[in-house]
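Heads up, the thing below is written out as structure tokens.
A short reminder: the numbers here are calculations on the coordinates, not readings from a lab. Note that the coordinates shown come from a computational prediction; the quantities given were computed from them, not determined experimentally. Note that we place each Cβ from the backbone using ideal geometry, even for glycine, and neighbour counts take in every protein chain shown.
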Amino acid sequence: MFLYLHLEFQSEDDWWMPVRVVAYEALLLQQIIAEQKLPRGALLPPVLTIVLYNGPPDWKAPAALSDLIALPPDSPLWPWQPQGRYYLLKATGYPREQLRPHDNMAALLFRLEQRQKMDELGGLLDDVVDWFRRHPELSELRKIFTELVRQAIKAAGVTTPIPAEMQEIRTMITTLGATWREEWIGVGREEGKKEGKKEGKEEGKKEGKKEGKAELLLRQFMRRFGTPAPEVEARVRAAESGQLDAWGERLIDAPTAADVFRA
């Protein structure tokens, strides 16, 4: 017996996924009949459709076509309705601690699909490098994973050029966290000094430093999570200097925008 795996890759929630599944599976079975020249009376192989989803946590689309058909539960028409079922596999839905012990490419891939903190990226990259060191026959696949690593680093908010080789990337990550912290403190001070000189008073200097930190925090926030909501921007501009420092530290490796401003 043969089992056909039908894989669909999705980065966005598709409400009509069951309808697509029905169409794709029918086309696949028609192709099998034609290519294998199946005679009358022959049986078709089973098909398992897996939707591999790497988008935001929530997938709200129905998992079966029956959820989309306007029939009451007790309708006698149900036995004649198409199934259109699929298995949803969410790459971002597995806890990191559950994936880490598994020594296979799928676990590495799912970990790369998840947003990583800066201090976790180094350990993940070590695992990727070690895995391909133990599997030299997969050198072509290593190139693909190198690009996935680069994308994961960009998703963490890194805007500096990223090397093309894994080992060079690992060296960059080692110093990147410290560089970000220095940039945050240094630029914030510099912005504050400029604004303070313009005011010409001690109070103006303090306010200038605070405004400089607020501007920097908003710019870094935009790089990682996009344009901040108006209420977020207002909260940042109204915050005290010490609070801005705390948020700036969190911004370096916060997995979500909400984590930056948690109580």
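A few notes on this one:
- By average C-beta atoms within 10 angstrom, highest first, the peptides 67-73, 247-253: 247-253, 67-73
- Close amide H partners of L88, meaning residues 5 or more places away or on another chain with modelled amide H under 5 Å apart, are V51.
- HN-Hα J in Hz across segment 18-27 - Karplus 6.51, -1.76, 1.60, θ = phi - 60°, x for Gly and Pro: x, 5, 4, 4, 4, 5, 5, 5, 5, 5
- Between A63 and A246, the contour length at 0.36 nm per residue exceeds the alpha carbon distance by 61.6 nm.
- With K and R counted +1 and D and E -1, the other residues having a Cβ less than 13 Å from that of Q98 yield a net charge of +3.
- Converting phi to 3J(HN,Hα) with the Karplus coefficients 6.51, -1.76 and 1.60 and the offset θ = phi - 60°, segment 87-103 yields 9, 8, 10, 8, 4, 8, x, 8, x, 4, 5, 7, 7, 4, x, 7, 9 Hz in sequence order, with x at every glycine or proline.
- Of K37/K143; K90/K154; K90/K213, those spanning more than 32 Å from alpha-carbon to alpha-carbon: K37/K143; K90/K213
- Scoring 124-133, 37-46 by mean Cβ neighbours within 10 Å over their residues and listing the highest first yields 124-133, 37-46.
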